[in-house]
Amino acid sequence: MKSYSLIAPGKINLYLEIIGDRADGFHELVMILQSIELADVIDLKSNDTQGITLHCNHSQVPVDETNLAYRAAQLMCTTFADSYANYGGVDITIAKNLPVAAGLAGGSADAAAVLVGMDLMWNLGLTQPELQDLAAKLGSDVPFCISGGTAIATGRGEKLDLISNLNSLWVILAKYKNLSVSTPWAYQTYRKNYRNSYVSDVEGIISRSDRVRSGDLMNAIVELARSLAPIGGAGSLVKQKGRKIGELLYNDLEKVVLPEYPKVAELRDIFADKRVLGTMMSGSGPTVFALCENEDQAEEVANQVRDTIVDSDLELWVTKLGSSGIQVA
Ligand code: ATP
């Protein structure tokens with residue numbers, strides 16, 4: 001009986017711009033996605049039955065077919081029916097460390113881990129593009145979760161170009177445990193309020209994403225990554241380029257989420273007043289993140305925020321930006 005343990009890191013959005021509507025009902029986006037080291041751990045064990053089981057230690061996570069990790073296993077079983085018949089089903093156990101419904105792609109990361117793990121368990125030898133094609137059938141963020149690091153994502157988020165990564169920086173994540181924002185609500189509200197700014201022609205879409213590809217944020221990311229590569233961290237450059245990156249963080253969904261969720265807006269304002277490189281809401285929220293130069297600064301600011309907002313519902317995590325997607329533990 002084969003078993004694998006996989007690390008499934010979450011992500012933050014350094015940039016999220018909504019370009020327009022798509023025929024499939026999703027939005028045309030241009031994003032810069034960044035892995036974080038905070039990760040779920042997924043254990044996979046082949047079983048001798050023709051079935052899938054799923055266990056999770058988090059009460060807000062469904063353990064039925066609505067769990068994205070479960071759907072990933074179903075997809076593998078239907079796509080590779082011979083292997084399924086040969087090896088049997090799979091028992092999935094999720095140790096949830098990523099906050100749920102937080103804009104950090106927790107479900108997508110778990111699903112990506114199941115695809116990678118079942119590929120290994122069944123000796124399929126799938127290539128990264130093949131895994132990413134399967135991943136795109138499950139959700140827009142799943143392909144990125146497979147490869148991880150730093151990437152520019154277009155289309156509905158599934159078309160990826162990897163950028164040299166930024167894993168020298170640290171990040172604070174802050175989320176109210178009992179506050180969640182519906183991703184469909186956020187996008188629908190954005191559409192209702194900002195439809196007149198949408199671009200629908202192909203040239204317009206390409207030019208909006210090209211503007212980001214050759215823009216200041218991308219340049220700052222590439223320069224910082226390049227300067228770190230040979231020496232593993234030059235202090236003043238990290239500060240200078242990190243500040244530039246912090247200033248240029250952007251998320252269109254803040255325009256609809258912050259006015260509706262004053263606690264999220266307050267968190268963001270509090271971080272903005274602290275000694276951090278920059279702060280932004282991740283994805284459709286409600287997690288707010290703050291980029292920091294190093295671990296000490298991140299811990300210090302996290303403690304200051306804990307002292308400022310005395311609310312047992314507020315949770316904070318300090319983690320490093322990550323350089324990889326799904327890894328075998
Ligand atoms: P994204 O950033 O991709 O929008 P998210 O971080 O906002 O994702 P998730 O943590 O993936 O959100 O959870 C969104 C919802 O999906 C949850 O409310 C939960 O009911 C459901 N869900 C399904 N599968 C999972 C999973 N494996 N882990 C967490 N939530 C899951």
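Overview of results
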quantity: Gaussian network model of the chain, springs between alpha carbon atoms under 10 Å - residue of Cys292, Cys77, Cys145 with greatest fluctuation; calculated: Cys77
quantity: Relative contact order for the chain, counting Cα pairs under 8 Å that sit 6 or more residues apart, in percent; calculated: 26 percent
quantity: Using distinct alpha-carbon pairs, which all enter the 1/r mean, Kirkwood radius of the range 185-287 in Å; calculated: 15.9 Å
quantity: For q = 0.18, 0.21, 0.25 Å⁻¹, Debye-computed log10 I/I(0) when each Cα of the range 248-305 counts as one equal scatterer; calculated: -0.57, -0.76, -1.00
quantity: The range 56-200, accessible surface, carbon-and-sulfur percent (1.4 angstrom probe); calculated: 47 percent
quantity: Cα gyration tensor shape of the range 122-268, rounded if a/c is under 1.5, else prolate or oblate by comparing a/b with b/c; calculated: rounded
quantity: Selected from Ile152, Ile172, Ile205 as most flexible by GNM, with the chain as the system and alpha-carbon contacts under 10 Å; calculated: Ile205
quantity: Helix 68-79 axis, angle to the chain major axis (alpha carbon atoms, nearest 10°); calculated: 40 degrees
quantity: Gyration tensor (alpha-carbon) shape descriptor, the range 86-134, a/c threshold 1.5; calculated: oblate
quantity: Pair Glu130, Gln188: separation of 7 Å Cα→Cβ label points (nm); calculated: 3.9 nm
quantity: Amide N of the range 116-156 lying under 18 Å from the label point, which is placed 7 angstrom from the Cα of Arg213 along Cα→Cβ; calculated: 150-156
quantity: Added length on full extension, which subtracts the Cα-Cα distance from 0.36 nm per residue, Arg195 to Glu65; calculated: 43.4 nm
quantity: Inter-centroid distance (Cα atoms) of the range 105-183 relative to the range 278-322, Å; calculated: 22 Å
quantity: Solvent exposure of the range 42-166 as accessible area per residue, Å², 1.4 Å probe; calculated: 38 Å²
quantity: Most mobile listed residue (Asp133, Asp210, Asp252) in the chain, GNM with C-alpha springs under 10 Å; calculated: Asp210
quantity: Ratio Rg/Rh [Cα only; Rh per Kirkwood] for the chain; calculated: 0.97
quantity: Potential lengthening between Glu299 and Ser236 on full extension [0.36 nm per residue; Cα-Cα distance subtracted]; calculated: 20.7 nm
quantity: Extension gain from Ala95 to Lys2, taking 0.36 nm per residue of separation minus the Cα-Cα distance; calculated: 31.6 nm
quantity: Tensor-based shape of the range 40-150 (alpha-carbon gyration tensor, a/c under 1.5 rounded, otherwise prolate or oblate); calculated: oblate
quantity: Ellipticity estimate at 222 nm from DSSP helix runs (n ≥ 4, -39,500 (n - 2.57)) divided over the chain, nearest 500; calculated: -12500 deg cm²/dmol
quantity: Phe26, Phe80, reordered so the largest accessible area comes first (probe 1.4 Å); calculated: Phe26, Phe80
quantity: Order of exposure, largest accessible area first, which applies to Val257, Val276 with probe 1.4 Å; calculated: Val276, Val257
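The values are calculated or read from the model by the stated rules, or taken from the named source; none is laboratory data. Predicted model only: the values in this text are computed from it and were never measured. Reconstructed Cβ throughout: ideal geometry from the backbone, glycine too, with neighbour counts over all protein chains shown. Calculation scope for accessible area: heavy atoms of the full protein, side chains included, ligands and nucleic acids excluded. Shrake-Rupley method; radii C 1.70, N 1.55, O 1.52, S 1.80 Å.
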